[in-house]
1. Please name all residue pairs, on different chains or six or more residues apart, with Cβ atoms under 7 Å, provided the first residue is in the range 1-17 and is closer than 19 Å to LYS73 by Cα and outside the structural domain of LYS73 (by the TED database) and the second residue is open to solvent by 100 Å² or more (accessible area, probe 1.4 Å) and at pLDDT 75 or above.
2. Would you mind finding the one in THR62, THR71 that is open to solvent by less than 80 Å² (accessible area, probe 1.4 Å), at pLDDT 90 or above and among the β-branched types (Val, Ile, Thr)?
3. Return the total of residues in the range 33-59 being open to solvent by 70 Å² or more (accessible area, probe 1.4 Å) and at pLDDT 75 or above.
4. Please find, within the range 74-107, the residue that is surrounded by the most Cβ atoms within 10 Å (Cβ to Cβ) out of those that are of a type in the set (S, T, N, Q) and modelled with pLDDT under 85.
5. Looking at ILE140, ILE181, which is the one that is within 28 Å of the chain's Cα centre (by Cα), modelled with pLDDT of 50 or more, in the same structural domain as GLN80 (by the TED database) and surrounded by fewer than 15 Cβ atoms within 10 Å (Cβ to Cβ)?
6. So which of ASN123, ASN165 ends up being modelled with pLDDT under 90, out of contact with any strand residue (DSSP E or B) (no Cβ under 8 Å at 6 or more places or on another chain) and either open to solvent by 40 Å² or more (accessible area, probe 1.4 Å) or farther than 28 Å from ILE76 by Cβ (or both)?
7. Can you tell me which residue within the range 184-212, out of those that are among the polar types (S, T, N, Q) and farther than 22 Å from MET236 by Cα, is most open to solvent (accessible area, probe 1.4 Å)?
Amino acid sequence: MNCKNCNNTLKASQKFCDECGAKIIQNRLKPQVLAQQVNEQFISIDNKFLRTFIDLFRQPETVIVGYINGTRKKYIDVLQYFAIALTLAGIQVFLLTTFFRDALDFTPEFAKAIENMPEKNINSMAGFNPDFFTKHQGLIYILGVPVSSLATWLVYFIIGDKRFNFTEHLVINLYYSAQIIIITAVFSILFLVIGMNYLIVSTILGLPTFIYLAYVLKKVFKEDFWNTVAKFLIVMVFYMVIYFILIIIAAIVLFFNGYFKI
């Protein structure tokens, strides 16, 4: 018998491949087999997903630094965890655009404020479409990771803390972003079910995401409160500057390609 993943020769009694570590599957796919796999991966109390999710709150340094240092079995792989987060975000967008479209409507106060604006400003906002940000939410999340990674890496590199390279800062920000996306998706769905406006929900969930980033940085870099706050504020400045530069570059490219005129 050979392993179906790496073709390594196996003994009949083996439950895992000693070459690639894959579990030996001998049963045909049936509903109960799929149910068992779902239970093992996502529902059972000791599964990797719950352990990763909980420990990213309790002790994020164990998950993140452990992964960077080579611990890859105890928690979900960073890319897999980020993929799960994007899947939940996709479910959120589907529910939002299919069943809760009213939640995307502007509040009466916001609409009235637009009506009272000068005609030029109204025209400049005419192309604003919240659906664009909703439908491309996954892409926005993906593009945000290298930006936040560059911000944290640059700040700590300039200050002199070079213990993590840029790729390792990507890992830090991927785990952080995945955790935030999961929380945002779950709470957004819950708030939408009780009838809250999506813009209000996004505002409510905005502040805790930044607080959590500061918490992750504090735990990962093992610094005191005020050092963490100072570096976190500098990271936010770098983050906004990088985004501003990218927006300017994108606007120039779109302008020279004729997508809009000044």
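The values are calculated or read from the model by the stated rules, or taken from the named source; none is laboratory data. Quick caveat: nothing in here was measured; it's all calculated off a predicted structure. As a convention, Cβ positions derive from the backbone with ideal geometry for all residues, glycine included, and neighbour counts pool all protein chains shown. Quick note on the areas: whole protein, heavy atoms, side chains included, nothing else; ligands and nucleic acids left out. Shrake-Rupley method; radii C 1.70, N 1.55, O 1.52, S 1.80 Å.
1. Pairs that qualify, where the first residue is closer than 19 Å to LYS73 by Cα and outside the structural domain of LYS73 (by the TED database) and the partner is open to solvent by 100 Å² or more (accessible area, probe 1.4 Å) and at pLDDT 75 or above, are CYS17/ASN5.
2. One residue alone meets the criteria, THR62.
3. The qualifying residues number 5.
4. If we take residues in the range 74-107 being of a type in the set (S, T, N, Q) and modelled with pLDDT under 85, then GLN92 is surrounded by the most Cβ atoms within 10 Å (Cβ to Cβ).
5. ILE140
6. Testing whether each residue is modelled with pLDDT under 90, out of contact with any strand residue (DSSP E or B) (no Cβ under 8 Å at 6 or more places or on another chain) and either open to solvent by 40 Å² or more (accessible area, probe 1.4 Å) or farther than 28 Å from ILE76 by Cβ (or both) leaves just ASN123.
7. Only one residue fits best here, namely ASN197.
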